[in-house]
Amino acid sequence: MICRYCGNTVDAETTVCPYCGTALVGYNTPVGFEEDTQYDEQMYYEEPQQDYAPKKKKSLSVPSLPFSTLISVACAVFSLICLFMVSSTRSMVKESSDLISGSLSQLQSATVTIQERLDSMEGTVANVQSNAYNQLASANITISKDITSLTGPVTLGKYNQMFIVRAKGNLNLNSSFDWQKYNESTGGWVSIVFTGTATSNEEYGLRLENKMEEGEYVSILWANGITQNGAGTYRCVISDSAGVKKTSSEAIVQVTA
């Protein structure tokens, strides 16, 4: 017989179709139907139609977040951006600070070098000025008689002439002759007698006499009851009216009892 569900030929005694699994109990062949009648299996069997329509891709769904959460996330992102910018700015500031410090150090070194050169130039200018004054003094002041060291010691309390200087130039009897004594403790020259026609120094027992004689200026240093402090090295600094100076030779005085 023929299974009316799947159209396959099965045995008449079969109660369940071995092809489609349908129960055949109570199934009878209709009257007038002959089993040998030509049977078109296609009319009882149709292949199940397959759905060839393209399947839709599943789309990702974005979860719906509360507004406050979105604000928090945005604030966190903004904070990270600000932190990055601050870190970058701090690095740039440090680099700029190091560069400025290096430039300041170089500038300070250059300033010290310039100051040293200026000091050197100042010393050079002072030397040139001194040499110029000396040349001018040589031209304007002429020492015709210079002091010389005494041949022997001066007796303590003695009154006699020790040194004499004769000079020509635009001089003044009361201000042009400055007698000086070398100070061993300070290493410098100290004025011991005020210039003038007759000025004395009691500490050293000395007296100064300035006068004009035969067209020359004469300055005489006298032992005026010389003391032990009067021993030492002497010189005379001569100044003209323009302030140009000329220095005499040095002379030594010894004082004995």
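The values are calculated or read from the model by the stated rules, or taken from the named source; none is laboratory data. As the structure is a prediction and not an experimental result, all values here were calculated from the model. For neighbour counting, all protein chains shown are included, and Cβ atoms are generated from backbone atoms with ideal geometry for every residue, glycine included.
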Note on residue 199: of the conditions (1) assigned to a strand (DSSP E or B); (2) modelled with pLDDT of 90 or more, unmet is (2)
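Being at pLDDT 90 or above and within 60 Å of the chain's Cα centre (by Cα): is that true of residue 161 here?
No, not satisfied.
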Residue hits (region 231-257; among the hydrophobic types (A, V, I, L, M, F, W, C) and farther than 15 Å from residue 193 by Cβ) are 231, 242, 244, 252, 255, 257
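Please determine, by comparing only the residues of region 214-230 that are in contact (Cβ under 8 Å) with a residue 40 or more places away in the chain and more than 15 Å from residue 199 (Cα to Cα), which one is nearest to the chain's Cα centre (by Cα).
Applying the filter and picking the extreme gives 230.
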Quick count over region 126-141, residues being of a type in the set (A, V, I, L, M) and at pLDDT 80 or above, is 1
query: residue 193: among the β-branched types (Val, Ile, Thr), in the same structural domain as residue 238 (by TED's automatic domain parsing), touching a strand residue (DSSP E or B) at 6+ places or on another chain (Cβ under 9 Å) and free of Cβ contacts under 8 Å to residues at least 60 places away in the same chain, yes or no?
result: yes
Could you tell me whether any residue of region 55-70 is surrounded by 10 or more Cβ atoms within 10 Å (Cβ to Cβ), within 60 Å of the chain's Cα centre (by Cα) and modelled with pLDDT of 75 or more? yes
Those residues of region 142-158 which are modelled with pLDDT of 90 or more, more than 16 Å from residue 245 (Cα to Cα), under 60 Å from the mean Cα position of the chain (by Cα) and of a type outside the set (A, V, I, L, M) amount to 148
Conditions (1) in a loop (DSSP other than H, G, I, E, B); (2) under 22 Å from residue 149 (Cα atoms); (3) in contact (Cβ under 8 Å) with a residue 60 or more places away in the chain; (4) hydroxyl-bearing (Ser, Thr, Tyr) -> residue 175 fails only (2)
- Looking only at region 17-36, decide whether some residue is of a type in the set (Ser, Thr, Tyr) and modelled with pLDDT under 80. yes
